[in-house]
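Colleague: Before anything else, here's the structure in question.
Here, each number is a calculation from the coordinates, and none is a lab measurement. Bear in mind that the values here come from a model prediction, so they are computed numbers and not experimental data. Glycine also receives a Cβ, built like all others from the backbone with ideal geometry; neighbour counts cover every protein chain displayed.
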Amino acid sequence: MTKTSKDELAKIAIDLFSRVGFNETTIGDIEAAAGLKPRAGGFYRHFESKQAVLFESIEDMSSVLVAEIRLEEILAQETVRGELLFIADRMLSHAAEFRTVRLLLQREAHKIPHLRDVMEAANQKLAKQDVIPWVLHALKRSGRDDEPVAFAFLFLSPILLYLISADRGQPVLGLEQNKAITIWLDYWAEKLEPV
């Protein structure tokens, strides 16, 4: 039997959850797919349960996004359009990297107790650390006095909607990614132009 790292085991488990279903996948299925000897404790050396694999994967996904969208890096861009493009690019590349986890969450979240709380905590972490501070900066710079949390919702919703629709194979209104991002960039760059 092969020795499987914690990260490899998590990827295998998430792939199985995504293809087969969270409730339908057993620990034995995960061990078999990882080349581990059944019921020899290989899974439990890394995780205490299937939920632990899922929750840690969500935390990893959140941590990577927080690390990729840093306020200092956003503000280092030379224009509003550059800041917006930086944010969109990071969100889209992150979405591609974690597509399997995101698809799993879209299909299975309603079946898993406490998952909503884990997802909310991950979203709040990103919002509080970098997104809301950037929105506050952008609003102040553009002379707007909008409510920052509501503005962040309006600002990010089109990107999130596009990602969800693209995951399902039907991009919003059939727009290609570049066209959708260009429309989004043009709109918000104008709204957030410094005074």
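Colleague: In straight Cα distance, which lysines are under 20 Å from K191, not counting same-chain residues fewer than 8 positions off?
Modeller: K140, K179
Colleague: In what sequence do H46, H110 fall when counting other Cβ within 10 Å, fewest first?
Modeller: The fewest-first ordering by Cβ neighbours comes to H110, H46.
Colleague: Check the straight Cα-Cα distances from K50 and name the lysines below 30 Å, setting aside those fewer than 8 residues away within the same chain.
Modeller: The qualifying lysines are K3, K6, K11, K37, K111, K125, K128.
Colleague: With +1 on each Lys and Arg Cβ and -1 on each Asp and Glu Cβ, and nothing else charged, work out how big the dipole of the chain is about its Cα centre, in Debye to the nearest 20.
Modeller: Value, rounded to 20: 560 debye.
Colleague: Then there is this: Roughly how many whole Å is it from the C-alpha centroid of the range 11-70 to that of the range 125-142?
Modeller: 33
Colleague: Counting Lys +1, Arg +1, Asp -1, Glu -1, what net charge surrounds D186 among other residues with beta carbon under 12 Å of its beta carbon?
Modeller: Residues close to D186 contribute a combined charge of +1.
Colleague: Another question, if that's okay. Give me the three principal axis extents of the chain from the C-alpha atoms, as integers in angstrom, largest value leading.
Modeller: Cα extents, longest axis first: 65, 33, 29 Å.
Colleague: First check a/c for the range 1-48, with a ≥ b ≥ c the square roots of the eigenvalues of its C-alpha gyration tensor; if it is under 1.5, answer rounded, and if not, answer prolate when a/b is larger than b/c or oblate otherwise.
Modeller: prolate
Colleague: May I pose another question? Kyte-Doolittle mean at least 1.6 and Cα extent at least 15 Å along the axis: which DSSP H helices of the chain qualify?
Modeller: 148-167
Colleague: So how many Å³ per residue does the convex hull of the Cα atoms of the range 17-117 work out to?
Modeller: 122
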